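Report on one structure; see the data block that follows.
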Amino acid sequence: MFTQINTDDFHLAVESLLEQFRILISKSPLPISLDRLVQIMALNMYSIEKTKMRGNEGAESPTYRSVMQTKALELSGDMFSILLERCNLLVAAGTPEEILDPHSSRQEDLTPLLAAIKVWCDWLIGNNDTWFPVVSAEPFTQLAQLATRLEAVKPSVTSLLGECLSDETWTALPQVRREEFEIIRLAEDSILCEFDPWFRGLEWAHYRQFSLRTVNQAAAQNAKRVDQIRMCAEVLEGLDPPVLKWSVPDNSHICLLTDQDHSTQELIISQSNHLITRANYP
């Protein structure tokens, strides 16, 4: 992708990678750590960032995509979709309470998946000028399904996080009171801290939360992950045009995209890139 050597065989490499990734993610217990999954998602963010089309003076183009960035977006979206698909199966096979229960047998598989999905949702929130128009509907269809399933734990998440303090509120407390709380530390946040592509949509002042030390930290961590994933769905519903929407008759989040929309968008992008290439290399 970076050297652009043997790009004719790129699709074959992608197919093989995705097949192996799907097999890996389908295993239980999950044979890949939370840290490594998050690093894979960070690498996808980096690939998309480094393949952005740039002008003669090195400035990013806000309108067009390079061919390689389109491929990077497709690969990243497919990997995100595989994570979502596996997470949907795990959540659907258990009870809503197991999502936040640190003692559940499903946590060994569920926590790393939620962490990887959460960081990509963070990226979606802060980089909609990069990934829209979308290159595939499947990730957003899967995300809508997961967000719908997570609605079942919304009361528990709201109750747990509602007792937490924001960074500003915690800072204003006397020192003695501050010691009663601890920050909700997410391993994925520590890994990606100061990694710009991930952090664009976040503000520490609003993002950082402090829970009472009496609250189970593992439960608070998964509650925050669930909250961020649900917030991403709400942001996608608020875009113009929206990507998702809440369907009252279905009582669920639904994806508004279709593969036909993507084919048209890809044709427009391809034609635009062709014109740019001809202009730069007459």
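The values are calculated or read from the model by the stated rules, or taken from the named source; none is laboratory data. The model shown is predicted, which means the values in this text are computed figures rather than measured ones. Glycine gets a Cβ as well: all are built from the backbone with ideal geometry, and neighbour counts include every protein chain shown.
Of all residues in region 67-99, those satisfying the criterion of being surrounded by fewer than 19 Cβ atoms within 10 Å (Cβ to Cβ) and hydroxyl-bearing (S, T, Y) are T70, T95.
Listed by first and then second residue, the pairs linking a residue in region 224-239 that is without any contact (Cβ under 8 Å) to a residue 60 or more places away in the chain and among the charged types (D, E, K, R) to a residue that is surrounded by fewer than 23 Cβ atoms within 10 Å (Cβ to Cβ) and not in a helix (DSSP H, G or I), with Cβ atoms under 6 Å apart and 6 or more places separating them unless they lie on different chains, are E237/K245.
Can you confirm whether region 116-139 contains a residue that is in contact with a strand residue (DSSP E or B) (Cβ under 8 Å, 6 or more places away or on another chain), within 17 Å of L37 (Cβ to Cβ) and modelled with pLDDT of 95 or more? No, the conditions are met nowhere in region 116-139.
A search for C-beta distances below 6 Å between a residue of region 240-257 that is touching a residue at least 24 places away in the same chain (Cβ under 8 Å) and on the phi < 0 side of the Ramachandran plot and any residue that is surrounded by fewer than 16 Cβ atoms within 10 Å (Cβ to Cβ) and in a loop (DSSP other than H, G, I, E, B), counting only pairs 6+ apart in sequence or on different chains, returns nothing. Residue pairs whose Cβ atoms lie under 6 Å apart, sitting 6 or more positions apart in sequence or on different chains, and linking a residue in region 81-104 that is more than 23 Å from L160 (Cβ to Cβ) and acidic (D, E) to a partner that is at pLDDT 90 or above and assigned to a helix (DSSP H, G or I), are E85/Q142. In this entry, K118 is excluded by the filter for residues that are basic (K, R), crowded, with 16+ Cβ neighbours inside 10 Å, in contact with a Phe, Trp or Tyr (Cβ under 9 Å, 6 or more places away or on another chain) and in a helix (DSSP H, G or I). Taking the residues in region 201-233 that are charged (D, E, K, R) and more than 13 Å from the chain's Cα centre (by Cα) as candidates, determine which candidate is modelled with the lowest pLDDT. Among residues in region 201-233 that are charged (D, E, K, R) and more than 13 Å from the chain's Cα centre (by Cα), the one modelled with the lowest pLDDT is E203.
Screening the candidates M45, M41 for the property of being modelled with pLDDT of 90 or more, over 21 Å from A144 (Cβ atoms) and of a type in the set (A, V, I, L, M, F, W, C) yields one hit, M45. For I183, the requirement of being within 26 Å of Y46 (Cα to Cα) and either out of contact with any His (no Cβ under 9 Å at 6 or more places or on another chain) or free of Cβ contacts under 8 Å to residues at least 24 places away in the same chain (or both) is not met. Would it be correct to say that V153 is touching a helix residue (DSSP H, G or I) at 6+ places or on another chain (Cβ under 6 Å) and at pLDDT below 95? So V153 fails the test.
Which ranges mark the helices (runs of 4 or more DSSP H) fully within region 139-258 that have 2 or more residues being more than 26 Å from S81 (Cα to Cα)?
Numbers: elements: 154-162, 167-172, 175-178, 187-192, 196-199, 204-207, 217-238.
In region 139-258, 154-162, 167-172, 175-178, 204-207 are the helices (runs of 4 or more DSSP H) which contain 2 or more residues that are more than 26 Å from S81 (Cα to Cα).
Residues checked against (1) of a type in the set (D, E); (2) farther than 19 Å from V38 by Cβ; (3) surrounded by 14 or more Cβ atoms within 10 Å (Cβ to Cβ):
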position: V157; (1), (2), (3): no, yes, yes
position: S166; (1), (2), (3): no, yes, yes
position: V176; (1), (2), (3): no, yes, no
position: L192; (1), (2), (3): no, no, yes
position: W204; (1), (2), (3): no, no, no
position: V215; (1), (2), (3): no, yes, yes
